[in-house]
Amino acid sequence: MSSVNLMAREVAAKIVFYGPGLSGKTTSLRKIYETVRPAHRGEMMSIATEGDRTLFFDFLPVKVERVGDCSVRLALYTVPGQVFYNATRKLVLQGADGVVFVADSQPEAMDANRESLANLEENLFEHGIRLDRFPLVMQWNKRDLDGVLPVEVLRKELNPRGVPELETSAANGRGVLDTLKAITRLVIKDLRAKRIVPPPRPTASAQPAGLEAQLTQHLQHRQQPGAVASQPVQSGGPVPRVAPVAVMPPPRVEPTPIPAPQPGPKLLGAASALAPGDMFDHARAAEAAFMTGDYATCVTACTDAIRRALAFAGEGSLGQQAFLLRVDGADLLRLQGLGTQQHLRVDDAAFSLYVMMQVFIRLNAVGLPNGE
């Protein structure tokens, strides 16, 4: 399921590259990573065996375009192709907004293609999603090899619904970015249809420039109190004199005194109210730093609390822990980037509090830590 960060005006969507083993899913992501500008990509994480088969997932956050005044960030994943890793495929598929099915064009891979496509439909159905109503793009891969099946055969066997399809060669990158663009268009269209993308912020209407602006200003000018109304002048006659109009100043209103705050119990902030016991002090410190304008301390306290919170997911890298708790990896990467900046703003600190609260919510949802 996509997420919307109203503070950052950013929509995060998840796209999964699905398909049989060795069909070219991970190679496609690597080509995307090599092609996308460094400023628009995050870290690529991969877990593989000695045979270079992805067993867990590849995660690659890519910033692609804007919808209205919101930027769109894609989190790209792949799943293990081997049948006996179906539980992992279900986990990776959870919360997806779109799927690229990477089919191997070689004749000997057709049975594996059919099996993987049927598995995709079954796993989506377990998540309450029908494949025929889900953003899907077919990627006919390995078209650079000799003896591959004609596209008509692949279409008949694997694409009876007629979803968008593209011929690719992940080894040299041909067609891979076009596939990403196709699934991105479908996902954004689906987000708009579901009204997930927030409405654009109101902007001031554009004012005409130059002479047109001066004329518009003149025609729309409102007379100020005490101004003299213009009178038509008779040709050849004396100019009429208009007596000035006395303008009475408005009565002075004394401000109502604001009563001093009464002593009482200090209420918890939103972050500290959600925090497990071990992270309570960090959450209170982050909130206090935010209220006093110490945004660097706020970001540091949030980052420390998030690391401690993710550790409850078990051993592993930060990305693995975040994935198991279903925490947005793109948000974590952005938060890590804030830690290297010298001058932080109020929206940076607010974003850090937002991420920390999301992590606390995920911990509460799965019942961690057990001792609380």
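Derivation of every value follows stated rules applied to the coordinates shown; laboratory data play no part. Note that the structure is a prediction, hence the values are computed from the model and not measured. Here the Cβ is made from the backbone with ideal geometry for all residues, glycine too, and neighbour counts use every protein chain on show.
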Enumerate the lysines that K189 could reach by cross-link, defined here as Cα to Cα under 21 Å, with residues fewer than 8 away along the same chain left out.
K14, K63, K181
Taking the Cα centre of the range 274-327 as the origin, how large is its charge dipole in debye, to the nearest 20, when only Lys and Arg (+1) and Asp and Glu (-1) carry charge on their Cβ atoms?
160 debye
